[in-house]
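First up is the structure itself, then whatever we jot down about it.
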Ligand code: C2E
Ligand code: MG
Ligand code: MG
Ligand code: MG
């Protein structure tokens, strides 16, 4: 049986490399053909405005359906695609898919902005702005309906260059969001220099507002975001208590399992656009 021999193979390699390395090598090899073999798909997680009780938009998140190993987390495979450079063609594909999807939803009524996550590697390619522009033009999508999420960690490298590239992308009308804010080596000084429109508070932060000290920090971030005219959205909102404490402090934009897990397009259509598959095909 193939499975058995596969296991034996792991054991052989195991002495020299270790299971993790073997798995990584295998994923690295399989990722090479994943795009052309249609093994990637995009799930969308709703963002919610608690104040108006309305949908605020979506975040696009990548999924890889490995033919043998099943769905693999982006936390595991994205870093590999960053090392190999595959993240560049993959992100091009994501941007085109998302822009197209966005147009489809737009024709259903309300405008729903969608955000796409970026990797540091995209900035090194020097083609990011063209890539974004092409995707928008191909779908004929209004730029303000697309938001790009960057993280503070990627900004450690070539800050000046990243700012220039972000400026040129923002000049197209595309929005920029700072993801996972409040964790890692957040530098408040960076906020002054980065051309951004949105702050996304990390889940670890929003899940942990149970002491007066933490609420004081959160309050300061909310005031600051307001003064800087940045949208502030809290990630990882999982229950009523999270919503309670966030709204009490004045943070009304949220994203998390409480309002919806990342879902396939079909599910989003049913839940948010009242569409079934048949109707969608006629769009
Ligand atoms: P992220 O951009 O910070 O995305 C948020 C992650 O938190 C997602 O995990 C989402 O499923 C998860 N999440 C959302 N709500 C909740 C909640 O209420 N509770 C908990 N515990 N988790 C929640 P996911 O989809 O596994 O993605 C992990 C990370 O992988 C993302 O973090 C992002 O950094 C990266 N990633 C995902 N898709 C892409 C992509 O298309 N391109 C790039 N460059 N990175 C991606
Ligand atoms: Mg994100
Ligand atoms: Mg995040
Ligand atoms: Mg994250």
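Values quoted throughout were computed directly from the atomic coordinates according to the rules given, and no laboratory measurement underlies them. Quick caveat, the model's predicted, so the values are computed rather than measured. Ideal geometry is used to build each Cβ from the backbone, glycine not excepted, and the neighbour counts take in all protein chains shown.
Observations on the structure shown:
- Beta bridges assigned by DSSP with both partners in the chain are antiparallel in approximately 45 percent of cases.
- Cβ-based exposure ranking for 175, 193, 54, in which fewest neighbours within 10 Å come first: 54, 193, 175
- Size of the range 95-215: Rg and Dmax of its alpha carbons, in Å, are 15.7, 50.
- When DSSP beta bridges are restricted to pairs lying wholly in the range 27-163, around 65% turn out antiparallel.
- When each of 44, 259 is scored by the number of other beta-carbon atoms lying within 10 Å, the sequence from fewest to most is 259, 44.
- Given in Å, the Rg to one decimal and the Dmax to the nearest whole number for the Cα atoms of the range 32-89 are 14.8, 45.
- Gyration tensor over the Cα atoms of the chain: the corresponding equivalent ellipsoid has semi-axes (square roots of 5 times the eigenvalues, largest first) of 32, 24, 22 Å.
- Computed over the range 165-283, the ratio Rg/Rh where both radii use C-alpha atoms and Rh is Kirkwood: 1.06
- Sorted fewest first by neighbouring Cβ atoms within 10 angstrom, 105, 93 come out as 93, 105.
- Distance (nanometres) between label positions extended 7 Å along Cα→Cβ at residue 188 and residue 66: 4.3
- Most mobile of 148, 246, 230 in a GNM of the chain (Cα contacts under 10 Å): 230
- For the pair the range 145-214 / the range 236-267, the C-alpha centres are spaced 19 Å from each other.
- Mean separation of Cα pairs under 8 Å and 6 or more residues apart, divided by the residue count, gives the chain a relative contact order of 17 percent.
- The helix-based estimate of mean residue ellipticity at 222 nm for the chain, built from -39,500 (n - 2.57) per DSSP H run of four or more residues and divided by its residue count, is -15000 deg cm²/dmol to the nearest 500.
- Normalised contact order of the range 80-170, rounded percent, pairs of Cα under 8 Å and 6 or more residues apart: 34
- Relative contact order (%) - the range 143-261, alpha-carbon pairs under 8 angstrom, separation at least six: 21
- The slack between residue 54 and residue 158, meaning 0.36 nm per residue of separation minus the straight C-alpha distance, is 33.6 nm.
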